[in-house]
Amino acid sequence: MNSVNGVAGYQTSNQAYSTKTKSKGKTDQTKEKEAVIYEKGKKNQTSVSNYSELKPKKYTVDKKEIEAMKNALDERLRDSFYQMVKDMVGKQNTTYSLAIETILTEKQDAIKPEMIEQAKIDIAEGGYWSPKNTADRILQFAKAISGGDPEKADMLKASFLRGFEEAEKAWGGALPEICQKTKEAVLEGFNAWKYESDNETVGQE
């Protein structure tokens with residue numbers, strides 16, 4: 001009798017445990033489902049909101065700022081060219097003076113003969129400091145720093161004249177004939193460069 005009661009008790013206890021376990025399993029599954037509920041409406045609303053915030057802003061061109069940058073660039077270009085002209089004309093004048101004028105002064109003995117001979121070669125026709133070759137270098141530099149733009153010819157021409165005048169001031173008066181011929185050649189070159197594009201257009205027609 002006690003055995004029967006014991007078995008019955010064990011079976012009842014086992015059934016209660018199984019029922020409790022199943023009930024707990026269902027509760028856990030219910031909690032998991034509740035935790036992963038997909039709220040479609042809210043997610044879509046957030047996506048639309050984020051998209052509007054990430055839309056690229058319209059770029060507005062600041063014409064005044066661009067113009068200021070362009071003017072600053074032109075100013076640097078003019079200053080660079082002016083300084084180059086002043087230095088180059090000054091060196092041409094120095095070479096000429098060394099070759100010609102120092103021979104007639106008391107400084108002749110202080111200068112080496114080979115220096116005077118080289119200076120004579122440099123200022124002669126076809127020499128490094130001859131009017132034509134000096135003018136060609138000045139014009140080549142002007143075209144290089146301006147990207148070959150004929151519209152900048154007048155601006156650089158004004159810078160050349162300024163540099164030439166400064167070289168005269170440093171010399172203390174009018175520069176010698178070799179420098180004057182160089183000036184004429186440079187000005188002719190600027191005029192030809194300025195109308196270069198117009199001449200090409202006429203030739204194509």
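The values are calculated or read from the model by the stated rules, or taken from the named source; none is laboratory data. This is a predicted model, so every value here is computed, not measured. Note that each Cβ is placed from the backbone with ideal geometry, even for glycine, and that neighbours are counted across all protein chains shown.
Please go through region 123-141 and pick out each residue that is of a type in the set (A, V, I, L, M, F, W, C), farther than 12 Å from Leu187 by Cα and surrounded by 16 or more Cβ atoms within 10 Å (Cβ to Cβ). Don't jump to the end; show me each part of the working.
Of all residues in region 123-141, those of a type in the set (A, V, I, L, M, F, W, C) come to 123-124, 129, 135, 138-139, 141.
Checking which are farther than 12 Å from Leu187 by Cα leaves us with 123-124, 129, 141.
Result: Ile123, Trp129, Phe141.
Look through region 69-87, keep the residues that are under 15 Å from the mean Cα position of the chain (by Cα) and not charged (D, E, K, R), and return whichever of them is modelled with the highest pLDDT.
Leu77
Do the conditions hold for Ala174, that is, is it at pLDDT 95 or above and assigned by TED's automatic domain parsing to the domain that holds Leu77? Can you show your working first?
Numbers: at pLDDT 95 or above: no; assigned by TED's automatic domain parsing to the domain that holds Leu77: yes.
No.
For region 160-178, which positions are within 35 Å of the chain's Cα centre (by Cα) and of a type outside the set (D, E, K, R)?
Answer for region 160-178, where residues must be within 35 Å of the chain's Cα centre (by Cα) and of a type outside the set (D, E, K, R): Phe160, Leu161, Gly163, Phe164, Ala167, Ala170.
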